[in-house]
Every structure is written in structure tokens, then in C-alpha cells.
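Trainee: Can you read through this structure? Questions will come right after.
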Amino acid sequence: MPNFNMEVSHGLGREVAIERLKGFMDKVRRRDDVSDLQESWEGSVQTFSFKTYGFKVEGAATVEEDRVKMDGKLPLAAAPFRGKIEGSIREELEKVLQE
């Protein structure tokens with residue numbers, strides 16, 4: 001499985017960033033191109049999985065005081081689309097943390 005890793009900086013503090021990520025996942029649930037969204041939180045670590053365009057994406061986001069670190073896995077069949085999927089996740093994450 002191809003992996004993806006990213007970090008997005010923010011100036012929100014850990015608690016505010018966690019609340020924004022929780023609200024963001026509620027918005028993702030309503031998207032037409034996302035299904036089977038699962039998430040759970042343990043402290044400041046969110047684990048998630050969802051399907052998009054027929055591919056299952058899974059991973060974890062660790063919220064720190066000044067950044068969010070995200071690590072995930074894509075199915076091998078999604079490797080040609082890795083850049084697009086990763087870019088889309090990064091773009092949405094940046095939006096939610098900079099609102």
C-alpha cells in the first residue's frame with residue numbers, strides 16, 4: 001500500500017484545532033464523493049477511514065499545539081492518483097485550520 005504523510009501548520013492551539021477537525025469530518029460526511037467514513041478520537045489523535053472514487057483511504061492525524069501531522073495508506077490501485085488524493089486532503093486540511 002502506498003503511504004502518504006503531511007504536516008500542516010496552524011496557530012490555533014491544540015484544542016481549537018481538534019474542534020475544527022471534528023467539525024470538518026461532519027462536513028466530509030455530506031460530500032457525494034466520500035462514503036463509509038469512520039473516525040475515532042483518542043486524546044489528540046484521530047484515526048479515520050473513508051472511500052472516495054472507489055478507493056479506501058485510512059490513516060491517523062496527530063494534532064499538536066502548532067501543527068497537524070497526518071499519515072495514511074492508499075490501496076495499490078490508487079497509486080496513480082496518490083498526488084491528487086494527497087493534494088485534496090492537504091487543501092481541505094489547510095482550509096479548516098486557517099478559517
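Rule-based calculations on the coordinates, nothing more; no lab input. Keep in mind that what you see is a predicted model, and the values were worked out from it rather than measured. Cβ coordinates were reconstructed from backbone atoms using ideal geometry, including for glycine residues, and neighbour counts include every protein chain displayed.
Trainee: May I ask you to order 37-49, 14-26, 60-72 by the average number of other C-beta atoms within 10 Å around their residues, highest value first?
Mentor: Packing order, densest peptide first, comes out as 60-72, 14-26, 37-49.
Trainee: Whole-Hz Karplus ³J(HN,Hα) for region 13-26, in order, using 6.51 cos²θ - 1.76 cosθ + 1.60 and θ = phi - 60°, x for Gly and Pro?
Mentor: Each residue of region 13-26 in turn: x, 4, 5, 5, 4, 4, 4, 5, 5, 5, x, 4, 5, 5 Hz.
Trainee: In whole Hz, with x marking every Gly and Pro, tabulate ³J(HN,Hα) for region 60-77 from phi via Karplus 6.51 cos²θ - 1.76 cosθ + 1.60, θ = phi - 60°.
Mentor: The phi angles translate into 9, 10, 10, 8, 10, 4, 10, 6, 10, 9, 10, 10, x, 10, 10, x, 4, 5 Hz.
Trainee: Another one. Of 38, 21, 53, which is farthest towards the positive pole of the chain's charge dipole, taken about the Cα centre with +1 and -1 on the beta-carbons of Lys, Arg and Asp, Glu respectively?
Mentor: Of the options given, the answer is 53.
Trainee: Tell me which label goes with the value of semi-axes √(5λ) of the Cα gyration tensor in Å computed from the coordinates here: (i) 40, 16, 7; (ii) 18, 17, 13; (iii) 22, 14, 12.
Mentor: From the options (i) 40, 16, 7; (ii) 18, 17, 13; (iii) 22, 14, 12, the structure gives (iii).
Trainee: To continue, here is another question. Would you tally the net charge around residue 72, using a Cβ to Cβ cut-off of less than 9 Å, leaving residue 72 out, and scoring K and R as +1, D and E as -1?
Mentor: -2
Trainee: How large is the dipole of the chain about the Cα centre if only Lys and Arg carry +1 and Asp and Glu carry -1, each at its Cβ, rounded to the nearest 20 debye?
Mentor: 360 debye
Trainee: With each pseudo-label sitting 7 Å past Cα toward Cβ, what's the residue 90-residue 73 distance in nm, one decimal?
Mentor: 2.3 nm
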